[in-house]
Amino acid sequence: MADYFSQTVIKPDVPVAAMTVLERRILGEIFEHEDMGDDVYFFASAGPNDFLFLSVDEAKTLLAESKGVQSCTAELVERELGECEAGTTELEIDVSMFGYEAILQDIVRRSETLDHLQVMMAWTCSKMRPDGFGGMANFITADDIDTMSTTGFLEEALGRLQGEHPPR
């Protein structure tokens with residue numbers, strides 16, 4: 001059996017002041033992280049975590065501390081709290097359909113020092129399988145999330161070679 005990895009780094013480091021406490025907590029579950037003074041370096045050695053757990057009490061506390069700040073993360077957690085059954089003590093949050101990119105874009109929108117974030121991902125595999133290698137980059141600004149994979153790049157290059165796409 002092959003193991004697939006999505007090693008990821010986010011540059012530049014994210015200012016703590018630009019994140020709500022809820023966003024920092026959620027991003028800290030999605031990614032590994034290192035505090036770098038007033039900033040946080042987010043990365044993933046094997047790949048971002050799409051499924052995370054948060055106690056209901058902690059979620060309520062973090063929401064209260066983040067009150068008044070426009071955040072898709074707060075909207076997600078509020079929705080999860082609203083859907084949980086009475087007596088539930090832990091939220092199970094699936095961020096695979098939501099995406100960490102939206103969280104990072106909210107941070108860029110509010111930041112006084114960030115005008116963008118870069119997410120670089122290397123796709124690797126423990127066996128030499130043709131579908132196990134490649135990568136992707138996201139360029140996140142307040143207004144846009146631009147993404148390109150190595151597969152997309154190669155398809156465009158092949159299209160140009162075959163006359164299907166104009167040169168860049």
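Do we have LEU52 as over 20 Å from THR8 (Cα atoms), in contact with a strand residue (DSSP E or B) (Cβ under 9 Å, 6 or more places away or on another chain), open to solvent by less than 30 Å² (accessible area, probe 1.4 Å) and not in a loop (DSSP other than H, G, I, E, B) here? No, not satisfied.
To keep it simple, each residue is scored yes or no on (1) aromatic (Phe, Trp, Tyr); (2) over 27 Å from ALA122 (Cα atoms); (3) open to solvent by less than 40 Å² (accessible area, probe 1.4 Å); (4) touching a residue at least 60 places away in the same chain (Cβ under 8 Å).
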residue: VAL16; (1), (2), (3), (4): no, no, no, no
residue: ILE26; (1), (2), (3), (4): no, no, yes, yes
residue: GLU34; (1), (2), (3), (4): no, no, no, no
residue: TYR41; (1), (2), (3), (4): yes, no, no, no
residue: THR61; (1), (2), (3), (4): no, yes, no, no
residue: GLU78; (1), (2), (3), (4): no, yes, no, no
residue: GLU83; (1), (2), (3), (4): no, yes, no, no
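Of the residues making up segment 86-102, those that are open to solvent by 60 Å² or more (accessible area, probe 1.4 Å) and not polar (S, T, N, Q) are ALA86, GLY87, GLU90, GLU92, ASP94, MET97.
Residues considered: GLN118, GLN105. Of these, the only one that is of a type outside the set (Val, Ile, Thr), part of a helix (DSSP H, G or I) and open to solvent by less than 70 Å² (accessible area, probe 1.4 Å) is GLN105.
The values are calculated or read from the model by the stated rules, or taken from the named source; none is laboratory data. Bear in mind that the values here come from a model prediction, so they are computed numbers and not experimental data. Glycine also receives a Cβ, built like all others from the backbone with ideal geometry; neighbour counts cover every protein chain displayed. Remember, those area values only see protein heavy atoms, side chains included, never the ligands or the DNA or RNA. Shrake-Rupley method; radii C 1.70, N 1.55, O 1.52, S 1.80 Å.
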